[in-house]
Amino acid sequence: MPNIVIVGAQWGDEGKGKVVDLLTPKVQVVARYNGGHNAGHTVVVGGKKFILHVIPSGILHPGILCVAGNGMVINPAAFDREKAELEELGVAVGDNLVISDRVHLILPHHYALEALSEEQRGSRALGTTLRGTGPAYEDKVGRRGVTMGDLLCPDSLEEKLAEARRHYEALVLGAGRKPDVDWEGVVAELVTFGERHRSKIKDASLVLHQQMARGYSILFEGAQATLLDLDHGTYPFVTSSSATAGGVAVGAGVPPSRIDGVMGVAKAYCTRVGTGPFPSEAEEGAAEALRARGKEFGATTGRPRRCGWFDAVAARYATRLNGFDTLAITKLDVLDELEQIPICTAYRFEGETLDEFPSDLSVLERCQPVFESIPGWKAPTPGARQWDRLPAAARDYVERLSELVGTEVGIVSTGPEREDTVIRDQSALASWFS
Ligand code: IMP
């Protein structure tokens with residue numbers, strides 16, 4: 001039974017949640033491998049909207065085992081809030097969720113450090129989500145982090161927090177501020193959190209291996225996206241985790257040899273939240289129209305997203321890094337009313353045409369997009385469940401994206417509901433789950 005990775009091909013918010021939700025009935029396990037509650041995966045079912053942050057989107061399906069892999073970072077209070085919100089909407093979050101004992105915790109001092117760091121960067125602020133994610137990963141790499149597993153031995157918690165506390169206080173004092181974290185309160189909350197969720201905290205890599213040994217399939221749900229990947233994204237305007245398909249092996253404890261396929265998810269246009277280069281960004285009028293039609297406001301922070309046109313150079317790069325077997329093109333309906341639709345096919349830099357995404361940020365920042373214009377279809381696409389029910393010009397647009405990226409398109413999404421989806425018969429997707 002295949003294990004499949006779902007990865008964002010752009011700067012996030014591509015609609016991975018919906019794609020994971022669609023494919024979940026074909027698998028037995030859904031696992032996250034990176035990120036924290038900086039992510040916001042929106043799934044709409046029967047008009048009900050679910051926003052998931054750290055709990056895998058598979059949780060919406062009864063009988064599916066969900067796993068939060070070791071590559072994630074979790075804030076206990078945010079986790080409890082998300083769990084309570086889901087339960088209020090009738091979604092059970094109990095033994096169907098395993099949290100890796102190696103997941104690192106996002107603690108109050110991480111929020112404070114992130115706010116301080118963004119403030120100190122001034123006009124070069126990264127525009128982070130201010131969820132403490134980056135500093136939690138910094139503590140992990142600095143070997144002073146505290147993990148979910150540590151909560152199972154509460155007696156040594158204070159000692160384990162000591163290094164992180166020292167580091168935090170040095171930074172805050174160095175900035176001329178007063179440290180103001182209530183560490184006793186932090187320990188008390190962590191102890192009760194650990195007691196409450198003890199049965200969920202496990203060796204998640206072992207759990208995943210046991211599931212595979214039973215012949216079960218795993219869907220790996222990427223958070224953030226390729227161009228926000230710490231190593232391969234538009235550094236330093238990136239997130240702090242490995243968002244690409246390669247992150248699965250590290251962030252879930254599953255060997256690369258057990259990954260059978262990778263699906264990239266890309267919007268039919270492009271958005272970005274936060275600072276950093278965005279070569280195909282649209283002019284304000286067109287960006288505003290895309291934002292309004294696509295409801296392009298952050299699921300986590302509510303921030304307006306920057307909007308632009310499909311960037312085939314960036315999508316080719318994402319294909320190179322992740323090895324996409326197939327693509328899901330989402331939010332095609334947002335383009336339904338346009339007369340002409342630009343696609344960025346290459347970049348211009350100092351008189352040269354670039355077909356490959358530059359690794360040097362100072363080059364990328366100065367790249368100009370080369371656009372080709374495709375006629376729009378000026379007809380509604382939501383509800384078209386078959387490829388041949390899409391307007392001919394819409395099919396041509398999708399085929400052109402596929403040609404430019406060099407990857408087949410297996411799914412076209414034309415609205416937030418599960419029903420607003422075309423799944424193509426002859427795609428890699430069909431062969432995985434035949
Ligand atoms: P951080 O992940 O909060 O550290 O933010 C780093 C960059 O990643 C910022 O530009 C954020 O806007 C962006 N980012 C983080 N998570 C998401 C996401 O889920 N969708 C889109 N952008 C994100």
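A straight Cα-to-Cα reach below 25 Å connects residue 267 with the lysines 16, 18, 26, 48, 49, 295, 331, 378, residues fewer than 8 places away in its own chain not being considered.
In terms of its C-alpha gyration tensor, region 186-256 comes out oblate, because a/c is 1.5 or above while a/b does not outweigh b/c. In the chain, helices alone account for a calculated mean residue ellipticity at 222 nm of -9500 deg cm²/dmol, with every DSSP H run of four or more residues adding -39,500 (n - 2.57). A cut-off of 5 Å between modelled amide H atoms, ignoring neighbours fewer than 5 places along the same chain, links residue 346 with 370. Looking at the chain, the DSSP beta bridges with both ends there are about 45 percent antiparallel.
Counting Lys and Arg as +1 and Asp and Glu as -1, what is the net charge of the other residues whose Cβ lies under 10 Å from the Cβ of residue 326?
-1
Rg then Dmax, both in Å and based on the Cα atoms of region 104-196: 13.5, 43.
Annotation: amide H-H contacts under 5 Å for residue 73 (H modelled 1.01 Å from N, sequence separation of 5 or more, or interchain): 35, 36.
Length gained on full extension, residue 80 to residue 379, computed as 0.36 nm times the residue gap minus the Cα-Cα distance: 103.3 nm. Taking GluC sites (Glu not before Pro) across region 162-214, none is in a DSSP loop with at most 14 further Cβ atoms lying within 10 angstrom of its Cβ.
Using a 1.4 Å probe on the protein chains only, how many percent of the accessible area of the chain belongs to carbon and sulfur? Result for the chain: 50 percent of the exposed heavy-atom area is carbon or sulfur.
Amide H to amide H, with H built 1.01 Å from N, residue 98 comes under 5 Å of 66, 67, 68, counting only residues 5 or more places away or on other chains.
When the Cα gyration tensor is reduced to axis lengths a ≥ b ≥ c, the ratio a/c stays below 1.5 for region 1-100, which is therefore classed as rounded. Positive contributions from Lys and Arg (+1) and negative ones from Asp and Glu (-1), summed over other residues with Cβ under 15 Å from the Cβ of residue 218, come out at +2.
The chain has equivalent-ellipsoid semi-axes of 36, 26, 18 Å, by the square roots of 5 times the alpha carbon gyration tensor eigenvalues, sorted largest first.
Other residues whose C-beta falls under 15 angstrom from the C-beta of residue 14 contribute a net charge of +1, scoring Lys and Arg +1 and Asp and Glu -1. Accessible area per residue for region 104-196 is 54 Å², calculated with a 1.4 Å probe on protein heavy atoms, without ligands, DNA or RNA. Would you work out if region 182-303 is rounded, prolate or oblate? Take a ≥ b ≥ c from the square roots of the eigenvalues of the alpha-carbon gyration tensor; rounded if a/c is under 1.5, else prolate when a/b is larger than b/c, oblate otherwise. Here region 182-303 falls in the oblate category. When you filter the GluC sites (Glu not before Pro) in region 240-331 for DSSP loop state and at most 16 other Cβ atoms inside 10 Å of their Cβ, you are left with 283.
In a fully extended conformation the segment linking residue 430 and residue 368 would gain 18.5 nm over its present Cα-Cα distance, using 0.36 nm per residue.
The values are calculated or read from the model by the stated rules, or taken from the named source; none is laboratory data. From a predicted model like this one, the values you see are computed outputs, not experimental measurements. Note that we place each Cβ from the backbone using ideal geometry, even for glycine, and neighbour counts take in every protein chain shown. Side chains included, ligands, DNA and RNA excluded: accessible areas come from the protein's heavy atoms. Shrake-Rupley method; radii C 1.70, N 1.55, O 1.52, S 1.80 Å.
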